[in-house]
Amino acid sequence: MAATMMIQKLPTFHQSAQILPKPRTHFEFVKKRINKSQSNEIFVRRCGDRGDYLQRNCVEEINDVHGRARRLVQEFDPRIPIEEAWTPPSCWYTDPDFYALELQQVFRKGWHPVELKPTSEDNQKKTLRGNRKPYNFSVVVSSDSITSRQNHVSSDSDHEDELQRSALSSTASLTSYFLSLGSIEYVVCRDEKGMLNAFHNVCRHHASLLVSGTGKKPCFVCPYHGWTYGLNGGLMKATRITGIKNFKVNEMGLVPLEVAIWGPFVLINFSKGMRHEEDVDNEAVGNEWLGSTADILSNNGVDTSLDYICRRTYTIECNWKILIFLCIVIVGNLYDSLPLTTKMYEKVSIQSCEGCAADNEEFVRLGSKALYAFVYPNFMINRYGPWMDTNLVLPLGPRRCKVVFDYFLDASLKDDVAFIEKSLEDSERVQLEDITLSEAVQRGLESPAYNVGRYSPTVEMAMHHFHCLLQENLRN
């Protein structure tokens with residue numbers, strides 16, 4: 001925007017603003033007859049505690065935006081045993097309304113792992129096995145094209161110089177990173193006290209996204225008008241507020257999200273208000289997220305004792321659920337010579353096997369003992385031999401998703417370059433095969449020749465369990 005303008009002097013808040021509980025705007029749907037001549041009742045959205053009615057050109061009819069999708073949910077019956085059950089219909093994998101319902105009911109509620117990866121510093125800062133301390137984290141850059149405008153205030157001048165620089169400067173000391181899920185854009189960071197925080201990545205002034213990518217910076221500066229926020233979310237500097245009445249600094253901080261830690265994973269919850277990290281009971285969060293499997297995973301090597309190796313990210317032209325059932329079913333093919341046990345828990349299914357070491361070269365990488373856990377709705381933890389890898393599947397649309405693989409290795413093998421390269425090469429080959437299969441399944445689901453299928457009762461119990469959890473989640 002090439003324009004010259006006078007810029008008012010920026011008010012500076014020398015102390016980080018304290019974040020006070022922000023009054024939530026309450027929306028609810030209520031029945032209200034628009035006029036007496038109408039025979040049908042229509043939903044009107046009511047806003048705020050005063051009960052004011054929004055003036056809208058369009059009002060929602062009784063069948064709300066998810067009404068059709070909810071009817072599709074009922075086309076799968078979780079009460080039918082797997083031996084007699086049909087799979088969910090193909091519209092679960094193609095319908096935009098169904099996808100919108102999933103975002104609302106599945107991904108915006110409950111605890112979800114965040115798309116983070118440990119930094120290289122963590123290999124020197126590991127904690128003892130079982131001690132639930134997190135790695136330090138960074139993230140894959142989503143976009144590095146956004147720049148931030150840092151405004152400097154002169155004590156003896158009524159104008160400011162504008163300095164264009166990266167939204168996340170590499171010269172500062174604290175790591176932060178930008179993420180998104182559906183329409184939710186959010187940022188996670190550690191503040192000056194080392195506390196982990198998460199906020200909606202939206203400026204409170206005129207709704208611009210604040211940052212993009214990952215890096216180190218002592219504050220967040222909006223690229224639009226230069227509003228500046230501390231890493232605790234408090235508003236530190238504001239522009240264009242001359243003449244504003246009833247402007248309360250403490251109420252204009254970034255909108256917070258609740259963040260927690262379990263083992264090596266950072267979790268976020270979009271449906272709960274902010275609690276500071278020290279106020280979060282991580283054990284309770286782990287039990288809420290994993291149910292009774294929290295101790296099972298901890299006791300089987302899912303912890304921070306391993307060295308982080310690398311990340312692989314793939315964007316795939318298929319619905320996110322195809323990746324889920326492909327991964328949890330294909331596990332059995334890796335251990336077809338060993339007994340594989342599948343057990344279902346509240347929100348987790350675990351496939352495991354124990355057996356004698358084999359001469360097969362694959363067992364050098366996989367080991368004869370393995371545990372594969374699927375955590376509803378979109379996270380897989382694979383612990384095999386000296387390795388642990390995690391797979392996070394993120395929906396990008398009804399027919400598109402992203403899967404993020406992070407690899408961890410026993411410290412005794414971290415310098416064995418040949419072993420690591422061979423293992424990653426084998427894993428890459430499997431992932432490319434899965435991508436081909438997934439995209440082929442998506443195309444098949446689009447065909448008018450297919451609607452529903454059948455389960456293989458002896459090997460697809462975890463898939464059936466996933467579909468049952470999803471149906472219940474969407475129905476409720």
Selection status of L394, closer than 30 Å to R79 by Cα, of a type in the set (A, V, I, L, M, F, W, C), in a helix (DSSP H, G or I) and in contact with a Lys or Arg (Cβ under 7 Å, 6 or more places away or on another chain) | no
Does any residue of segment 448-470 turn out to be of a type in the set (F, W, Y), part of a helix (DSSP H, G or I) and touching a helix residue (DSSP H, G or I) at 6+ places or on another chain (Cβ under 7 Å)?
-> yes
Filter segment 437-476 for residues that are modelled with pLDDT under 95 and hydroxyl-bearing (S, T, Y); which is surrounded by the most Cβ atoms within 10 Å (Cβ to Cβ)?
-> S456
Residue tally, condition open to solvent by less than 10 Å² (accessible area, probe 1.4 Å) and within 12 Å of the chain's Cα centre (by Cα), over segment 393-403 = 3
Go through the residues of segment 340-353 one by one and say whether even a single one is modelled with pLDDT under 85, of a type outside the set (G, A, S), out of contact with any Lys or Arg (no Cβ under 9 Å at 6 or more places or on another chain) and within 28 Å of E421 (Cα to Cα).
-> yes
Output for segment 426-471, where each listed residue is aliphatic (A, V, I, L, M) and within 26 Å of F107 (Cα to Cα) | I435, L437, A440, V441, L445, V452, M461, A462, M463, L469, L470
Could you tell me whether segment 404-414 includes any residue that is more than 30 Å from F98 (Cα to Cα), part of a loop (DSSP other than H, G, I, E, B) and open to solvent by 60 Å² or more (accessible area, probe 1.4 Å)?
-> yes
Restricting attention to segment 313-324, does a residue exist that is buried (at least 22 other Cβ atoms within 10 Å of the Cβ), in contact with a helix residue (DSSP H, G or I) (Cβ under 7 Å, 6 or more places away or on another chain), on the phi < 0 side of the Ramachandran plot and of a type in the set (S, T, N, Q)?
-> yes
Residue hits (segment 380-402; of a type outside the set (A, V, I, L, M, F, W, C) and on the phi < 0 side of the Ramachandran plot) are N382, R383, Y384, P386, D389, T390, N391, P395, P398, R399, R400, K402
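Residues checked against (1) buried (at least 17 other Cβ atoms within 10 Å of the Cβ); (2) closer than 30 Å to F98 by Cα; (3) modelled with pLDDT of 95 or more:
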{"residue": "N360", "(1), (2), (3)": "no, no, no"}
{"residue": "F363", "(1), (2), (3)": "yes, no, no"}
{"residue": "F379", "(1), (2), (3)": "yes, yes, yes"}
{"residue": "Y384", "(1), (2), (3)": "yes, no, no"}
{"residue": "D426", "(1), (2), (3)": "no, no, no"}
{"residue": "E433", "(1), (2), (3)": "no, yes, no"}
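The values are calculated or read from the model by the stated rules, or taken from the named source; none is laboratory data. Quick caveat: nothing in here was measured; it's all calculated off a predicted structure. Don't worry about glycine lacking a Cβ; one is built from the backbone with ideal geometry, like all the others, and counts go over all protein chains shown. For accessibility, only protein heavy atoms count, side chains too; no ligands or nucleic acids. Shrake-Rupley method; radii C 1.70, N 1.55, O 1.52, S 1.80 Å.
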